[in-house]
Amino acid sequence: MHKLVRLPFVAAILFCPLSMNGVLAEEAVKPIVVADATEPVATEGSDGATEPTAVEYADEVVVTSDRAGLLEKEPTDLLFGINKPLLETPRAATFMNEETIQQYGIETVDDLKAVSPGTSTASFYGVSGAVNIRGTLAETYFRGFKRIENRGTYETPLGAASRVDIVRGPPTTNFGAGKVGGFLNFQPKSAKLDDGTFIGQVTGEVNGTVGSYGKKNGSGEIGVPITIGSAVGGVYLYGELEDSDSFYRGIHPEHQMLQASTAFDFDSGWSLEFGGMYYHSDGYVQTPGWNRVTQDLIDNGTYITGQDTTIVDTDGNGRLTQDELGGAFAPITAYLVAPGFTIYGPDARWTLDTGVGTAHLDRRTVYISDADFSETYTGTGYASMSKELNDGSKIKLEAFYDMLNNDRFVSYGYPATYNSWVTEGRATYDFDFEAKFAPIKFANSVGLSSRYYDASSKESFNSGFIALDRRDLTVGATATDIIDSPFSIDDVGGFLWENDVTTKWSDSGIFGVSDMIFFDLVDVTLGARYDYYTVDTVDRGSYCFCATNVKSKATDGKFTYNASIMLLTPWGIRPYYTYAETSAVEVGQAGEVSPSLVSSDNWISDGSLNEAGIKFELLKGTLTGSLSAYEQARTRLDPVTNSISATLGRGIELEMRYLATDNLSFTFAGNSQRTMIKGPDTSYYIIRASDVGLNPADYYGGAFAVFGVSSVSTLNRGADYKDGTIPESVLSLYGNYITDEHVWGQAGFTAGVVYTTETSGKLYNTVKYPAYTLVNASTFYTKGDITIGLNVDNIFDETYFTPLADLYSDAGVLPGKGREWRLTAKFKF
């Protein structure tokens with residue numbers, strides 16, 4: 001671990017969503033109660049007599065100036081496990097409800113950088129599954145429980161969420177152990193509202209969306225209030241279908257999703273919530289985008305063409321088998337081992353011998369074939385029971401389940417199949433009290449948790465039969481650049497699963513959080529947990545970098561903690577400081593743990609965070625913000641060699657939400673960051689022939705790789721080097737205008753600009769991807785129960801590029817999507 005130096009307060013501004021609990025917020029947003037009927041409604045009968053009708057309860061309707069849904073209306077326990085308003089919590093976070101998501105046209109997690117600083121993400125092969133926060137991979141939660149990893153396995157659905165929370169920094173103590181950096185939390189739609197009440201009548205909507213490049217999406221939702229005896233509650237259902245084409249030719253994503261949630265309050269004081277989500281996707285095929293990357297390709301679109309004809313598909317099955325490639329011990333990847341590495345070749349199998357030249361490549365043409373596929377099934381379930389006791393304390397019992405099944409194949413030679421499930425239970429006791437000897441208030445939460453993970457991961461990439469540059473994208477996929485895989489069961493003596501890891505691991509934890517407010521001026525929050533881990537893992541692969549079929553078992557215990565202090569001044573300015581130390585199990589894409597990590601005692605990694613800032617409310621609460629700077633140390637796992645690399649990130653973040661008038665609002669999100677990869681970097685990495693001074697056309701038929709980027713001094717910037725795949729700054733400014741309600745209806749317009757600085761690969765003298773600016777806009781018109789909305793992304797059809805997130809960061813790049821539009825019709829009832 002790297003020892004961190006404590007940060008001074010830094011004069012940067014992070015504007016956060018508005019709390020509805022302070023005096024200033026109450027002045028800014030004056031609620032008008034339209035109706036609040038709690039008595040039976042009487043009607044006049046046909047004979048003129050007054051007759052009682054069936055008991056009907058009108059919903060309380062509150063009108064505020066927050067028409068874009070920018071304000072945080074309720075305290076949350078998401079950040080510390082204790083209910084606190086966001087502006088009174090010493091942690092950087094962004095909360096978005098479904099109104100904000102709709103108004104800002106957010107469809108995938110890649111779009112979050114428009115509203116939350118520090119969330120720009122390198123490409124997970126074109127599939128928006130996970131997001132980077134503060135330069136490192138974030139974890140994903142569902143109602144406060146960690147889900148199975150999703151590194152580009154499937155596109156994370158947002159439509160079923162009532163709220164999406166982006167938390168920057170350490171994990172919440174009550175939520176379990178995790179890495180520092182940040183996480184996403186998805187709150188499903190429910191009949192139970194944020195303020196603890198239930199919907200008062202049947203409500204729902206039906207949506208239909210069409211758009212450019214064959215966009216077709218439909219969704220429907222319905223909430224039904226239910227009263228059973230003394231129990232009051234409701235059920236909420238959401239369903240969604242997607243069947244579209246894509247900006248990228250040859251990719252046809254489709255998915256189906258069904259989500260249900262049930263909630264009840266009983267007169268005994270108990271509350272019950274349970275539900276689940278089913279998701280199936282097909283066609284979210286991973287693509288590296290462009291291969292044969294050069295600066296000329298990025299600047300001018302000039303692509304080096306040509307094919308190798310030495311290797312032939314002799315059996316005519318449409319792909320290259322191991323025998324056709326030269327046999328089990330004749331890889332087409334050349335491994336360069338330093339110092340004094342040897343450059344092999346040129347081998348005839350690597351040399352382009354026909355059609356060599358140049359051509360212009362357009363952004364819609366990417367690396368894809370009819371043989372590529374990715375199909376995913378996920379299932380998520382939860383249950384929660386809670387009761388508030390007579391003394392005001394509260395007990396809560398929760399259970400969670402998540403599963404993932406995925407089969408995928410990328411035709412340059414990467415097959416994988418993942419089958420995993422996880423279950424977790426948690427018991428929490430919350431209690432508050434005030435000291436008798438001094439004006440000190442305590443809010444406390446203690447509990448136990450137990451998490452069990454069962455993971456199976458099968459992958460093949462070790463034997464060296466991978467060649468990203470072999471395909472000429474101007475020609476398209478051919479039988480001589482589609483590499484065979486274990487999915488081809490008709491092959492005798494063909495490829496086998498080179499990694500076949502089965503892991504069972506568990507985490508049993510005890511935790512506690514205490515929030516102490518001294519003299520209504522100083523707020524101190526302390527959180528700690530102890531986790532006891534067990535792991536049992538084995539790799540039965542045909543060519544793993546490990547002892548095959550040898551089980552590795554281990555146990556370990558880790559103590560982690562966080563401490564924060566905030567000054568609660570009467571002027572709406574709240575400076576704070578947070579320090580945290582974390583630990584987490586190093587897992588692969590399916591949640592598996594490599595046996596080599598266990599045998600070397602590297603299967604649990606540590607992290608730490610220093611964060612300083614100031615949160616504030618100005619202009620009678622219409623302008624909210626915070627000042628935030630951080631320094632964090634955490635690790636990342638190399639999926640090939642299972643080596644651990646340390647990273648050190650520093651940054652400043654800025655977020656602003658301003659209600660200028662009842663109709664007009666603005667948001668700003670921006671950051672400045674640098675993430676350093678600490679040397680020596682021993683990770684496996686694919687490089688270009690030109691990186692070692694060779695003619696690319698002599699080697700595009702194969703590939704070059706190094707075991708350890710830092711082992712070759714000419715490849716990187718030294719022992720420590722910057723991760724160029726993450727932009728140093730992303731700046732976003734949006735404006736939103738929504739009219740008053742009129743006889744003719746209501747309309748609104750949102751427009752924004754997102755500026756992203758230059759990115760690159762990771763090597764010395766790597767290709768640079770220029771800075772770019774995207775302009776997006778949306779508008780809607782509502783009349784009665786019908787709403788028509790139009791979104792246009794990348795209005796000026798800006799050309800831009802997103803580097804890949806892992807070992808192909810210098811060998812491939814994803815061209816950004818051009819101008820896209822979508823038209824949505826919504827009927828509410």
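The values are calculated or read from the model by the stated rules, or taken from the named source; none is laboratory data. All of these numbers come straight from a predicted model, not from anything done at the bench. When we count neighbours, we look across all protein chains shown, and the Cβ atoms used for this are built from the backbone with ideal geometry, even at glycine. Note: accessible area is taken over every heavy atom of the protein model, side chains too, but ligands, DNA and RNA are not part of it. Shrake-Rupley method; radii C 1.70, N 1.55, O 1.52, S 1.80 Å.
Within the range 131-147, the residues that satisfy the criterion of being out of contact with any Lys or Arg (no Cβ under 7 Å at 6 or more places or on another chain), in a loop (DSSP other than H, G, I, E, B) and either open to solvent by less than 10 Å² (accessible area, probe 1.4 Å) or within 19 Å of ASP723 (Cβ to Cβ) (or both) are VAL131, GLY135, ALA138, GLY144.
Looking at this structure, is ASP243 out of contact with any His (no Cβ under 9 Å at 6 or more places or on another chain) and at pLDDT 95 or above? It is false that ASP243 is out of contact with any His (no Cβ under 9 Å at 6 or more places or on another chain) and at pLDDT 95 or above.
Of the residues ALA719, ALA703, ALA747, the single one that is over 30 Å from GLU611 (Cα atoms) and modelled with pLDDT under 90 is ALA703.
The set of residues in the range 388-447 that are under 24 Å from GLY196 (Cβ atoms), among the charged types (D, E, K, R) and in contact (Cβ under 8 Å) with a residue 12 or more places away in the chain comprises GLU388, ASP391, LYS394, LYS396, GLU398, ARG426, ASP430, ASP432, LYS441. Among the residues of the range 275-313, those that are open to solvent by 40 Å² or more (accessible area, probe 1.4 Å) and within 18 Å of ALA371 (Cβ to Cβ) comprise ASP282, GLN307, VAL312. Within the range 732-747, take every residue that is among the aromatic types (Phe, Trp, Tyr) and either open to solvent by less than 40 Å² (accessible area, probe 1.4 Å) or in a strand (DSSP E or B) (or both) and give me the one that is farthest from ALA771 (Cα to Cα). Filtering first and then ranking leaves TYR737. If the condition is being without any contact (Cβ under 8 Å) to a residue 24 or more places away in the chain and open to solvent by less than 50 Å² (accessible area, probe 1.4 Å), then the range 660-702 contributes only ALA689. The condition (being crowded, with 16+ Cβ neighbours inside 10 Å, within 30 Å of GLY204 (Cβ to Cβ) and either free of Cβ contacts under 8 Å to residues at least 60 places away in the same chain or of a type outside the set (Ser, Thr, Tyr) (or both)) is satisfied by just one residue among ALA805, ALA777, ALA825: ALA777. Would you say GLY789 is outside any loop (DSSP other than H, G, I, E, B), small (Gly, Ala, Ser) and over 22 Å from the mean Cα position of the chain (by Cα)? Taking the combined requirement at face value, the residue satisfies it.
Does THR787 fit the bill of being among the hydroxyl-bearing types (Ser, Thr, Tyr), closer than 23 Å to VAL206 by Cα and surrounded by 19 or more Cβ atoms within 10 Å (Cβ to Cβ)? Criteria met by THR787. Pairs are defined by a Cβ separation below 6 Å, a sequence spacing of at least 6 or placement on different chains, a first member in the range 291-304 that is modelled with pLDDT of 95 or more, and a second member that is open to solvent by 60 Å² or more (accessible area, probe 1.4 Å) and in a helix (DSSP H, G or I); the pairs so defined are THR302/ASP296. When the residues of the range 453-463 are filtered to those that are surrounded by fewer than 22 Cβ atoms within 10 Å (Cβ to Cβ) and touching a Gly at 6+ places or on another chain (Cβ under 9 Å), the one that is nearest to THR172 (Cα to Cα) is ASP454. Taking only the range 188-213 into account, find how many residues are open to solvent by 70 Å² or more (accessible area, probe 1.4 Å), in contact (Cβ under 8 Å) with a residue 60 or more places away in the chain and within 17 Å of TYR236 (Cα to Cα). Qualifying residue count for the region: 5.
Just to check your reading of the model, which residue among SER488, SER514 is modelled with pLDDT of 95 or more and open to solvent by less than 40 Å² (accessible area, probe 1.4 Å)?
SER514
Counting only strands (runs of 3 or more DSSP E) that sit completely within the range 624-719, those holding 1 or more residues that are farther than 28 Å from LEU325 by Cβ correspond to 644-659, 664-677. Listed by position, the strands (runs of 3 or more DSSP E) contained in the range 518-617 that have at least 2 residues being without any contact (Cβ under 8 Å) to a residue 40 or more places away in the chain and under 30 Å from the mean Cα position of the chain (by Cα) are 522-539, 552-567.
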